[in-house]
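The values are calculated or read from the model by the stated rules, or taken from the named source; none is laboratory data. If you're wondering where the values come from, they're calculated on a predicted model, not measured in any experiment. Note: ideal-geometry Cβ built from the backbone for every residue, glycine included; neighbour counts use all protein chains shown. Quick note on the areas: whole protein, heavy atoms, side chains included, nothing else; ligands and nucleic acids left out. Shrake-Rupley method; radii C 1.70, N 1.55, O 1.52, S 1.80 Å.
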Amino acid sequence: MTAGPGSSAVVDERLLRTSPLRKLLGRPELGSVVGALAVFLFFAVVADSFLRATSFGTVLYAASTIGIMAAPVALLMIGGEFDLSAGVMVTSSALVSSMFSYQMTANVWVGVLVSLLVTLAIGAFNGFMLTRTKLPSFIITLGTFLMLTGLNLGFTKLISGTVSTKTIGNMEGFPSARKLFASYWTVGGVELKVTLLWWAGLVAVATWILLRTRFGNWIFAVGGGADAARAVGVPVVRTKIGLYLGVAFAAWVSGQHLLFSYDVVQSGEGVGNELIYIIAAVIGGCLITGGYGSAIGSAVGAFIFGMTSKGIVYAEWNPDWFKFFLGAMLLLATLLNAWVRKRAEATK
């Protein structure tokens with residue numbers, strides 16, 4: 001249909017081309033990428049050993065151990081929820097594998113599979129309780145955090161008599177399990193851990209789910225508003241339980257890495273790590289309120305964490321300052337992400 005003289009043609013905004021700059025400003029992880037470059041340049045200047053190849057391998061390892069958990073935590077936050085039990089769930093997973101294998105004198109792969117089932121059950125419990133009780137996820141997972149903390153210590157002391165597990169390094173299946181969860185290889189003099197592959201794989205899968213699947217659309221819809229999502233047919237309950245199962249699976253992977261890296265597990269480990277996973281996701285562009293973020297951003301956030309934690313060591317500073325820098329980065333990243341989002345909305 002042709003518009004007459006003096007009339008303005010109506011153009012469907014969906015047919016308008018989006019400029020590359022507008023697309024870039026609309027990416028949730030933009031602020032974290034800028035932050036990562038700033039942190040990298042900062043430690044490259046103040047720490048001479050930071051740019052060494054061996055140092056880079058150490059930074060990547062520190063980032064990968066956080067990034068494995070940060071990716072599913074980011075999806076959960078995009079879905080509008082938290083999981084404060086994620087840190088101790090990693091330890092629970094390792095403890096179940098170790099103690100079941102040792103007490104049953106079974107192939108360690110049996111303990112690994114039992115641990116997977118138990119860890120997924122914990123994730124399903126979080127999701128089920130959240131959707132059934134309608135209580136905030138903060139309360140639900142705080143309760144799970146406290147219960148798991150007590151169970152980790154109580155069962156370990158009851159079964160092992162100490163606060164750590166018995167060694168299982170000489171049991172059948174241990175070498176093959178270590179190869180999958182805790183092996184490493186050397187490239188150009190740099191030691192690279194297998195956690196890098198787990199990290200990259202989980203980020204790739206999480207990104208594919210968010211951007212290429214119906215479930216990804218459900219995550220964004222639920223995070224934007226559960227009632228509105230339910231009104232248009234989104235299976236809110238199934239989506240939230242699925243997100244908690246994703247966190248549980250990553251906790252299982254991290255737990256097995258913990259076990260097969262050190263052979264024994266301390267029952268008190270993991271407390272406080274849940275906040276680091278959340279910080280990595282927030283630095284990566286996830287909103288506390290849900291409905292916005294990316295898995296790639298969580299990877300950048302984890303990388304910033306790795307650079308900061310090791311950069312302070314390479315700069316020979318007092319490590320007591322680490323938490324200060326982490327908190328400062330969280331605030332700066334949140335402000336930068338808010339500014340980037342406002343700029344993106346202003347260009348629409």
Looking at region 159-178 only, could you name the residues that are open to solvent by 60 Å² or more (accessible area, probe 1.4 Å), touching a residue at least 60 places away in the same chain (Cβ under 8 Å) and of a type outside the set (S, T, N, Q)?
I159, V163, K166, E172, R178
Can you tell me which of (1) over 24 Å from V88 (Cα atoms); (2) open to solvent by less than 20 Å² (accessible area, probe 1.4 Å) is the one L332 doesn't meet?
(2)
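Looking at region 186-193, can you tell me whether even one residue there is in contact with a Pro (Cβ under 7 Å, 6 or more places away or on another chain) and surrounded by 19 or more Cβ atoms within 10 Å (Cβ to Cβ)?
Within region 186-193, not a single residue is in contact with a Pro (Cβ under 7 Å, 6 or more places away or on another chain) and surrounded by 19 or more Cβ atoms within 10 Å (Cβ to Cβ).
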Checked region 205-240 for anything of a type in the set (S, T, N, Q) and either open to solvent by 60 Å² or more (accessible area, probe 1.4 Å) or in contact with a Leu (Cβ under 7 Å, 6 or more places away or on another chain) (or both); matches are N217
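Table: residues versus (1) out of contact with any Asp or Glu (no Cβ under 6 Å at 6 or more places or on another chain); (2) charged (D, E, K, R); (3) over 21 Å from V300 (Cβ atoms).
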position: R178; (1), (2), (3): yes, yes, yes
position: R214; (1), (2), (3): yes, yes, yes
position: W218; (1), (2), (3): yes, no, yes
position: A221; (1), (2), (3): yes, no, yes
position: R230; (1), (2), (3): yes, yes, yes
position: L245; (1), (2), (3): yes, no, yes
position: V265; (1), (2), (3): yes, no, yes
position: N273; (1), (2), (3): yes, no, no
position: A281; (1), (2), (3): yes, no, no
Residue that is nearest to L146 (Cα to Cα), among those in region 235-279 that are among the polar types (S, T, N, Q) and outside any helix (DSSP H, G or I)
S267
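Being more than 20 Å from L202 (Cα to Cα) and outside any helix (DSSP H, G or I) is the filter; apply it to region 292-329 and report the residue that is least open to solvent (accessible area, probe 1.4 Å).
Filtering first and then ranking leaves A315.
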When A333 is run through (1) at pLDDT below 80; (2) of a type in the set (G, A, S); (3) within 30 Å of N152 (Cβ to Cβ), the failure sits at (3)
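Restricting attention to region 189-196, does a residue exist that is within 18 Å of S97 (Cβ to Cβ), part of a helix (DSSP H, G or I) and touching a residue at least 40 places away in the same chain (Cβ under 8 Å)?
Among the residues of region 189-196, at least one is within 18 Å of S97 (Cβ to Cβ), part of a helix (DSSP H, G or I) and touching a residue at least 40 places away in the same chain (Cβ under 8 Å), which makes the answer yes.
Checking the conditions here, which among L202, L130, L148 is open to solvent by 30 Å² or more (accessible area, probe 1.4 Å) and at pLDDT 95 or above?
Only one candidate qualifies: L202.
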Do any helices (runs of 4 or more DSSP H) entirely within region 1-80 hold 2 or more residues that are open to solvent by 60 Å² or more (accessible area, probe 1.4 Å), hydrophobic (A, V, I, L, M, F, W, C) and at pLDDT 60 or above, and if so, which?
30-46
Scan region 241-274 for residues that are of a type in the set (F, W, Y) and either open to solvent by 20 Å² or more (accessible area, probe 1.4 Å) or over 20 Å from L84 (Cβ atoms) (or both) and jot them down.
F249, W252, F260, Y262
